[in-house]
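Asks: Sharing a structure here in C-alpha cells format.
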Amino acid sequence: MRTARVAWGLAGLAALCSLAITVLYLTADVNPVTDATEIDGFPVTTLGALLATVLGALVLSRHPRHPVGWLLCAGQTGTVLGLAADACVFRIGSPTALVVAGFFGGAYAAAVTCAVFLLVPDGRLPSRRWQPVLALVGLSYLSSLVPLDGVRAAGAVTMATAAVVAVVALVLRLRRARGAGRRQLRWVVAGALLLAAGLAMFAAGLTPWGLYLGFAAVPVCAGIAILRYRLYDIDIIINRAIVLAVLAAFVAVGYVSLVVVVGAALGTHLPSRFWPSLAVLVVVALAFQPLRQRVLRFADRLVYGRRAIPYEALSDFTRLLSRSRAGDQLLPVMAESLARRTGAAYARVSAELPALSASWPHPTELGPDVDVEVRDEAGVLGRIALVLPAGRGLLPAERRLLHDFAAQASLALRNLRLEAQLRDQAEQVERQAAALESSRSRLLAAQDDERCRTAAIIEREVVRHLRPIPDAVVRLDPSDPDAALSTLSRLEQATEEALDALREVTHGVYPALLTHRGLIAALSGHATRTGRSGALTIGTGLADLRLSEHLESAAYFCAAALLAEAEALTVASEHGVLVLQATGEPDPDDGVVDRVEAAGGRLTRSANADGRSTVRVELPVQLSAASAQAASSRSVPSEDLAT
C-alpha cells in the first residue's frame, strides 16, 4: 500500500511538471515544429514520459517490487523533471533549473529507456552475460555529467551503442519467447525499434522528430501490450478506468445536452427551474443503467477479449467435454480451453487414474504458478496447473472461473476413472477366466494322465498275475487230484500276488488310511513307506484332526508333493488354519497350486537368509457339525485292500 502511494505520488508530480511545461511553452512565442530541438520535442516527449510514469505506477500498484515498474515510474518522473527544468531554462533562465536539466537530461532518459529494454518483461536480465551492458548504460550516463566535451562525446557514442545492444537483447528475448509472452514482447520491441531508428536518424544529423516519436512510442507500445495482452496484470485497472471515463462523459454530455435542448425549448434558463432540472436528471439516470451494462461489456471486450465472458467460456468448455470421449482427446481439449480462457502461457491437465496428462500449447517442464486439485467426494481425481506470463497472476474472477472449470472437469475425470476401473475389472475377469480355463485344462489332463498311469500299473502289476488263471482252470484234470491241487496252489499264489500289487496301486491313488483314520495317519504312513519319516514334523494336537473329504485330500496330496522335494516339512495349526511349511528347495507344480486354490487356501514362497527357499501352504480347517459328522462316518475301502 505504501509503495502504491509513493508510485502515484511520483505520477502526480510528473503530471504537475507536465502541466508546468505546457504553461511555460504555451506562454512563450515558440513554434513546436520549427523549434523542436529547443523545446525538447514538446509536446510529444512530455506526453510520452507522463504516460510511461502512469504505466509504471499501475505496474507498481500490482507488483510493488517490480524493477520495470520502478524504472517506468521513478525513472520517467525524473525525465519529466528534466523536461520541466529545460522549460524553465528556456523561459526564465534559472541557474538551478539548468543544473536539474543537466542531471535529468537526454542522457538520463536514454539510460532509463535502455535499462527498461534490458529488464522487460520480468525484471531480470536475459542472462548474467548482459550485466556489462547494463553497466555500460550507467557509465554512459555518468560520462554525460562530466563537464568535458570529449568525455561527453564518448558518453554519447557509448550510450548509442548501449541502446542498440539493448534492442538486440530485447529481440533475442522475443525469439525465445512463446505464446502470450511473445505477443507481449512484439509491441515492446516495436517501440524499441522505433526509438533506435530515431536515434540513428538524430545521430546522422536528420530531423530530431524521429527520436522524439520513438521516445513516445515506447510507453504507447507498452500500453498496448498491457491493454491487449495483459503484460503486468493491470488490465482490471484499465478496464475500470475505461468504464469510469465513458460513463462520466455520458453523464456530463447527456446532462448538458438535455439542459441545452430543454432550455431552448422552454426559452428560459433551466437551472433556475427545479422541476425541469429534476426531469433531466431522471432521464439521464434511466438511460445510465442500460448504458452501464453495454459499457461494461465493451470495456471487458476491449481489455480481456474473449476472456470477458466467463460463463460463456464455461458453457463452451462443457460442450467441448461432451464431444471429447477418450482420455487422449479429453485432456488436450481441457488444457487448451483453460489456457485460452485464463490467459495462461501454458496449461497442464493430469488425471490420477488412469495416469494421463496433457499440456497446451506444448509440453513444458516449468513449475506451475497456479495448481488446483480436481476432486470429488471420493478424493483427488487430477490436477490443473497453469504457467502464467511473467509478471502477472490470476484475477479473482479468473480464479473463480478456474474453480468452476475444475468442478466441470471433475465430472469428466470421474468418468475417465470409472472407465479405467471398468477396463481393469474386465481385464481381471479375462485373466481369471483364462486362469480358470488353464486350470481346468490342467486338471483334465492330470485326470487323463492319472487314469492312464493307473491303467498301465494295473496292467503291468496286477493283470499279469491274473491273466493265466482262466486257461489254467480250463486245463484242470479232475482225474489227477495231485496235479490239480498243485495247479490250484499256483493259481492261489498268483491271486495273492495280484492282491498285493492291487493294494500297492490303491495306496498310491488314494490311501485307505486317509479315509479310515485321517490326514495325519495317512501322511505319517506315506512318509514311512517312502523313507522320509525323519523329514516330517507334526504339530501338537493334530493326531485326531479330521477334515472334510475335499480338504483332507487336498492337504494330503499337497503335503506328499512337498515332502518329496523338501528337506523338511512341518504340519501345524495356527489360528484355525492348517499350515504346511516346507524348507529347502521345494518346487510345487501347477497341480499343487490348483489344489490349494480350489480348497480356498493360499500358497506363498519366500527366500531365507541362507539362500534356501520356503513354501508355505495355508488351508482353512474350520468344520461345521454336519461336515464333522460326514468326515467321521465316511465310507472306507474294503478291509482286504486297506490292510
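Each reported figure results from applying straightforward, stated rules to the coordinates on display, with no laboratory input. Just so you know, these numbers come straight off a predicted model, no measurement behind them. For neighbour counting, all protein chains shown are included, and Cβ atoms are generated from backbone atoms with ideal geometry for every residue, glycine included.
Asks: How would you rank Trp360, Trp209, going from fewest to most other Cβ atoms within 10 Å of each one's own Cβ?
Replies: On the way: Trp360 22, Trp209 16.
Least to most surrounded, the residues fall as Trp209, Trp360.
Asks: Related question: Can you tell me, using C-alpha contacts under 8 Å and at least 6 residues apart, the relative contact order of the range 549-621 as a whole percent?
Replies: It rounds to 33 percent for the range 549-621.
Asks: Give the order of Leu491, Leu443 when sorted by the count of other beta carbons within 10 angstrom, beginning with the fewest.
Replies: Ranked by crowding around the Cβ, least crowded first: Leu443, Leu491.
Asks: Let me know the whole percent of all Cα-Cα pairs from the range 2-235 that are separated by more than 31 Å.
Replies: Across the range 2-235, Cα pairs with separations above 31 Å total 18 percent.
Asks: Determine the relative contact order of the range 2-235: mean sequence separation of Cα pairs under 8 Å and six or more apart, normalised by residue count, in whole percent.
Replies: Here the relative contact order equals 19 percent.
Asks: What's the exposure ranking of Arg91, Arg595, Arg2, going from fewest to most Cβ atoms within 10 Å? Let's see the in-between values first.
Replies: Values: Arg91 18, Arg595 23, Arg2 7.
With the sparsest Cβ surroundings first, the list reads Arg2, Arg91, Arg595.
Asks: From the P(r) of the range 467-507, could you give the percentage of C-alpha pairs in the tail past 17 Å?
Replies: Numbers: 305 of 820 pairs.
For the range 467-507, the fraction of Cα-Cα distances above 17 Å is 37 percent.
Asks: Suppose we keep just the alpha-carbon trace of the range 439-585; what are its Rg and Dmax in angstrom?
Replies: My reading of the Cα-based Rg and Dmax gives 21.1, 73 Å.
Asks: How far is the Cα center of the range 562-615 from the Cα center of the range 195-223, in Å?
Replies: 90
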